[in-house]
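Please read the structure below before turning to the comments.
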Amino acid sequence: MSDRRGARTLRGRVSAFGVLVIACWLVLLIAGFDVVLGSVLHQQADSALQTRAEAAASTVVPSADGSAQVVETDSDPTLDANTWVYQGARAIERGSGSPQVQHAADLRAAAPGSYATTGSLRLYSTPVARNGKPFAVVVASINLTPYEHATKVAMSGTALLAVLAVAGAWVVLRITAARALRPVQAMSAQAAAWSERAHTDRFGRHQGYHELDTLAHHLDALLDRLAAVLRHERQLSGELSHELRTPLSRITSEADLLLRRSPDCPEASAIHAAAASMSTILETLLSTARLETGLLPGTCLLPDVLAELGRPDSAVEPDADLVGVDAAVASRILAPILDNADRYAVTTVVITARRAGSSITVDVHDDGTGIADDLLERVFEPGFRADPADGHDGGGLGLPLARRLARAADGDVTVLPAGDATGTTGTTVRVTLPPG
């Protein structure tokens, strides 16, 4: 669950970064487009204004007395309404408009060849020459509203396209990131599985991750180091267990002798019980070392093992009676789980075994207080005890050793969350073993 959540978080970050980059690039493109579009429309408006002014200037001719007069042509209301003709400071003809527009036209008449903008109108003045000498000035205007409307429509359209592009980019980047990260997630999960079980397997080039050769190389090196550490640990555990068996046998023998002499001696009973517990631990460590080195193959009947552990009434389905581990190993796996169930159960412990796909599943359920969800994995840490003050003098090694043995045999030991348990209250420990 945490791996999937981490992968989703990484995909989200990659997608968010990609969308941010695309959004910034689109903003720059849109801003540049709007600037260019505004400049082009501005130039078009000025060009149309010059053309209108020149057309109006062609209708102004000098009279016999030197005054300017306008030659009447086919009526063009638009041209008449947006044109002013001046001779000096005197307006011969005036176009329509507010006092502000009239004042702006008067100012342009005094500065031929200049532009001015008043509200939504843009004005331009051009001189009218006779024999190379100006004798009149024509001022023309053009309404900028269509150009401004075109600019707004273009900006709205580009903004909408940008939003759609960003939304599409988010979807595409999510899919692309998921596909790109899928091999990494698969390699991570495979490396985690190999680190727990198949320590000799490696990625190499035959795994199909050629685009991730560097990652595969580093993961293989990490697995090599982990395998070396585990080999040393197994060797040390086996050697220590073997070396401690001799002095432990001496302690057990002396405790037996002392109990024969003084059967009611509490100290002798305590020594004998502690020695027996330590012997069980050493036997488990030796069994683990032998199993992990492949020295203990075999099969056993699960009902027989449960009967030896004092559970002859366990519900074992017919196709789940033969498991692919030695009887001693199966006993070492189940014994600490059953002891814990007996210790914490209020009234009953229920044991069921069934075939689940390619494995045998054994559920041990007790009706005790249960285990908090945040401790479901911590109980498999060596030395950890959920309630150190419960009066039990164990060392917190039973469940870790049971899981280690089960995983060495291609099985597992897990504690089911309360919602997945077979009962409404208590704890369910699930043991998975290979079939025989």
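The values are calculated or read from the model by the stated rules, or taken from the named source; none is laboratory data. Keep in mind that this is a model prediction, so the values were computed, not measured. Every residue, glycine as well, gets a Cβ built from its backbone with ideal geometry; the counts of neighbours run over all protein chains shown. Areas reflect the complete protein model, heavy atoms only, side chains present, ligands, DNA and RNA absent. Shrake-Rupley method; radii C 1.70, N 1.55, O 1.52, S 1.80 Å.
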Matching residues in segment 342-355 (more than 39 Å from the chain's Cα centre (by Cα) and open to solvent by less than 40 Å² (accessible area, probe 1.4 Å)) number 2
Tell me which of these residue 296 doesn't satisfy, since it passes every other one: (1) outside any helix (DSSP H, G or I); (2) at pLDDT below 85; (3) out of contact with any Asp or Glu (no Cβ under 6 Å at 6 or more places or on another chain); (4) at negative phi.
-> (3)
First in segment 27-53 and closer than 23 Å to residue 124 by Cα and in a helix (DSSP H, G or I), second anywhere and small (Gly, Ala, Ser) and open to solvent by 40 Å² or more (accessible area, probe 1.4 Å), Cβ under 9 Å, 6 or more apart | 37/150; 41/150
Every residue from segment 296-330 that is polar (S, T, N, Q) and either surrounded by fewer than 19 Cβ atoms within 10 Å (Cβ to Cβ) or over 23 Å from residue 366 (Cβ atoms) (or both) | 299
Within segment 243-261, can you find the residues that are under 12 Å from residue 275 (Cα atoms) and among the charged types (D, E, K, R)?
-> 245, 250, 254, 256
For residue 374, the lone unmet condition from (1) assigned to a helix (DSSP H, G or I); (2) modelled with pLDDT of 85 or more is (2)
Just one of 167, 154 is among the small types (Gly, Ala, Ser), surrounded by fewer than 17 Cβ atoms within 10 Å (Cβ to Cβ) and closer than 15 Å to residue 38 by Cα; which is it?
-> 154
Taking residue 364 as meeting all but one of (1) modelled with pLDDT of 75 or more; (2) surrounded by fewer than 18 Cβ atoms within 10 Å (Cβ to Cβ); (3) outside any loop (DSSP other than H, G, I, E, B), write down the number of the exception.
-> (2)
Does residue 101 satisfy being at pLDDT 85 or above, of a type outside the set (Ser, Thr, Tyr), open to solvent by less than 40 Å² (accessible area, probe 1.4 Å) and in contact with an Asp or Glu (Cβ under 7 Å, 6 or more places away or on another chain)?
-> no
Quick one: residue 320 ticks every box in (1) within 28 Å of residue 247 (Cα to Cα); (2) at pLDDT 85 or above; (3) under 41 Å from the mean Cα position of the chain (by Cα) except a single one, so which number is it?
-> (1)
